[in-house]
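Values in this text are rule-based calculations from the coordinates and carry no lab data. Predicted model, so just to flag it, every value in this text is computed and none were measured. So basically every Cβ, Gly included, is an ideal-geometry build from the backbone, and we count neighbours across all protein chains shown.
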Amino acid sequence: MNEASQPAPASRGQRVAINLLDKVSRLDGHWQPRVVAEMNDYQFKVVKIEGDFLWHAHADTDETFIVLEGVLRIDFRDGAELLHAGEMAVVPRGVEHKPYAASEVKMLLIEPRGVLNTGDAENDRTAPNDIWV
């Protein structure tokens, strides 16, 4: 299927297959999640990360991390969880966490529309919302 036959990126429902690794390969930088689909009020976002993020929490929502490539470490105040390609974890609302990747990780995030990537810790790593790839 060529680009001309793809649905408009801002359409809520897609009726075509979405290649997540192709979408994430189009990203220029790290820590800049981009929307690839929506379902009800939830967005599916691809992102590349590398290095350390910041401690933050999402007071009103859980956050899902699905690793496509690489190894993600999610630090918690009482320990850490390692996720490898093909694995996922759900961080419950209100739980402080800090993603870390020793080398580049490609992943899919699932969260409600409008959630800031930095949660309650807005700073220079806060990415704008609702940008599609």
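Numbers for the structure displayed
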| quantity | calculated |
| --- | --- |
| Whole-Hz couplings from phi, Karplus 6.51/-1.76/1.60, listed for region 52-64; x for Gly and Pro | 9, 9, 10, 5, 7, 9, 10, 5, 10, 8, 6, 9, 10 |
| Read-out semi-axes √(5λ) of the Cα gyration tensor in Å, derived from the coordinates shown; its label in [x] 21, 17, 15; [y] 25, 16, 13; [z] 28, 22, 13 | [y] |
| THR61 long-range amide H proximity, modeled H, under 5 Å | GLY94 |
| Cα-centre dipole for the chain with unit charges at Cβ (Lys and Arg positive, Asp and Glu negative), debye to 20 | 420 debye |
| DSSP beta bridge pairing in the chain, given as percent antiparallel to the nearest 5 | 95 percent |
